[in-house]
Amino acid sequence: MSERMEAVRGGLPERMQAAVLYGREDIRVEAVETPHAREGEVILRVDAALTCGTDRKVFRRGYHAKMIQPPTMFGHEVAGTIVELGAGVDGFALGDAVVALNSAPCGSCYFCEREQENLCADLLFHNGAYAEYMRVPARIVARNMLRIPAGMTMAHAAMTEPLACALHAWEDSGARGGDTVAVIGAGPLGLMAMQLAVLAGCRLIAVVKHDGQAALARELGAAEVVQTGVATDVVQAVRDCTPEQRGVDLAIEAVATPETWQQAVAMTRNGGTVNFFGGPAAGTVVTLDTNRLHYGDLTLKATFHHRPEVCRRALALLADGRFRAGMLLSGEAGLADLQQLFHDWKGLKTVILPGGPEGRIKA
């Protein structure tokens with residue numbers, strides 16, 4: 001080990017504060033052993049982590065079948081500073097500000113060879129962002145850790161992972177400038193899809209629930225807003241916003257209920273596309289009109305997760321300032337606030353600063 005590594009390793013505290021999930025709605029902030037970098041790994045000082053709907057599901061269920069079995073640290077939307085380098089790490093240096101994505105594909109399986117890395121047979125997931133320090137596995141370092149451009153806030157950079165999911169869905173849907181696009185749902189991912197539609201020059205119809213969501217959608221550039229608690233027939237209300245009531249060119253469903261899946265199909269024009277973007281619970285079943293699908297010549301898609309190249313485009317979009325990341329952030333909090341934040345979920349993202357106000361560091 002080099003003298004530089006010894007100095008960095010010696011400078012880290014033996015123990016750190018971390019949020020540990022013990023089970024259903026049971027988060028405890030504890031002092032745990034500070035990790036150290038093994039070969040190919042890095043240790044980040046976590047400068048900003050974001051709350052996420054997936055983490056809230058984990059909180060409510062007490063586990064995640066693919067990613068998390070308690071007791072464990074969790075959280076996966078993160079930006080930080082490299083404070084320790086393992087042997088063999090190339091392309092990064094101590095002090096680099098980086099985004100560590102929450103997964104990395106193997107690069108050699110059937111799906112990876114077909115550029116479907118989001119379906120990788122050995123997709124490596126990683127959690128642990130709700131802590132002062134975080135170990136980044138070697139595969140993520142090599143395949144899906146990105147240097148943050150100068151001047152970009154850590155909080156905005158930490159949004160790379162969810163935006164990559166939304167961008168993947170958007171690109172997968174094949175919309176063209178001038179298309180009319182309906183987005184159902186105004187959680188963070190739905191709001192991201194709305195922004196992407198507007199940035200692409202599409203006419204946006206936002207289907208939302210609350211007045212606050214309606215206001216956000218309008219501020220993001222929605223041409224029309226349909227509120228589910230106001231419209232007696234959501235599908236007809238959307239169709240009424242299109243020429244000759246023909247329906248939208250693309251419907252992106254970001255709620256994940258059978259009702260909204262059916263609405264998405266029903267509001268889409270003949271020859272149009274539906275993307276079932278919201279992640280439903282296992283075992284969820286939906287009934288669709290097969291006559292409508294066939295004779296309407298509809299394209300149905302469902303986009304999952306992200307791919308490394310999409311993550312890079314998402315970070316670039318955040319960095320150039322066109323994407324209004326700040327509108328999706330509701331404030332800042334510490335590790336001790338996580339239990340209450342997830343219990344009293346408000347829908348937008350909160351920036352978690354594990355080290356306190358100094359977490360507002362810029363890259």
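Read-outs: derived from the displayed coordinates by stated rules, not from any lab. These figures come from a predicted structure and were not determined experimentally. With ideal geometry, Cβ positions are generated from the backbone for all residues, glycine too; neighbour counts draw on all protein chains shown.
With contacts taken as Cα pairs under 8 Å at a separation of at least 6 residues, the chain carries a relative contact order of 19 percent. Under a model in which nothing but the beta-carbon of Lys, Arg (+1) and Asp, Glu (-1) is charged, the chain shows a dipole of about 240 debye around its Cα centre.
Indicate the gyration tensor shape class of the range 68-137 (rounded, prolate or oblate), computed on the Cα atoms with a ≥ b ≥ c the square roots of the eigenvalues: a/c under 1.5 is rounded; otherwise a/b larger than b/c is prolate and the rest oblate. Oblate shape, in that a/c is at least 1.5 and b/c is the bigger or equal ratio. Out of these labelled values of semi-axes √(5λ) of the Cα gyration tensor in Å, [x] 41, 23, 21; [y] 38, 21, 19; [z] 49, 33, 17, which was calculated from the coordinates shown here? Among [x] 41, 23, 21; [y] 38, 21, 19; [z] 49, 33, 17, the one calculated here is [y]. Shape class of the range 1-148 from the Cα gyration tensor (axes a ≥ b ≥ c, square roots of the eigenvalues): oblate, since a/c reaches 1.5 or more and a/b does not exceed b/c.
For the range 154-258, the set of trypsin sites (Lys or Arg not before Pro) satisfying both a DSSP loop assignment and a count of at most 13 other C-beta atoms within 10 Å is given as 176. Taking other residues whose beta carbon is less than 9 angstrom from the beta carbon of residue 339, and scoring Lys, Arg as +1 and Asp, Glu as -1, yields -2. Could you give the distance between the Cα centres of the range 83-119 and the range 286-340, to the whole Å? Their Cα centres are 21 Å away from one another.
Bridgeable aspartates and glutamates around residue 66 (alpha carbons under 18 Å apart, same-chain partners fewer than 8 residues away excluded): 55, 77, 117, 122, 161. Could you tell me whether the range 147-213 comes out rounded, prolate or oblate from its Cα gyration tensor? Rule is a ≥ b ≥ c as square roots of the eigenvalues, rounded for a/c under 1.5, then prolate if a/b exceeds b/c, otherwise oblate. Oblate shape, in that a/c is at least 1.5 and b/c is the bigger or equal ratio.
Charged neighbours of residue 281, selected by a Cβ distance under 13 Å, balance to +3 (K, R count +1; D, E count -1).
Neighbours of residue 71, meaning other residues whose beta-carbon lies under 11 angstrom from its beta-carbon, give a summed charge of -1 when Lys and Arg score +1 and Asp and Glu score -1. Note that the range 198-214 has calculated 3J(HN,Hα) couplings of 5, 4, 7, x, 8, 8, 9, 10, 9, 10, 10, 10, 9, 4, x, 5, 4 Hz, one per residue in order, obtained from phi through the Karplus relation 6.51 cos²θ - 1.76 cosθ + 1.60 (θ = phi - 60°); glycine and proline are x. Among the listed pairs 209/346; 57/209; 57/346, those with a Cα-Cα distance over 18 Å are 57/209.
When peptides 314-321, 21-28, 99-106 are ranked by their average number of other Cβ atoms within 10 Å per residue, the highest-first order is 99-106, 314-321, 21-28.
Only helices enter this figure: runs of n ≥ 4 DSSP H residues, each worth -39500 (n - 2.57), summed and divided by the residues of the chain, yield -8000 deg cm²/dmol at 222 nm to the nearest 500. Over the range 165-301, the hull volume per residue, using the convex hull of the C-alpha atoms, is 101 Å³. Considering only beta bridges that DSSP places wholly inside the chain, some 60 percent are antiparallel.
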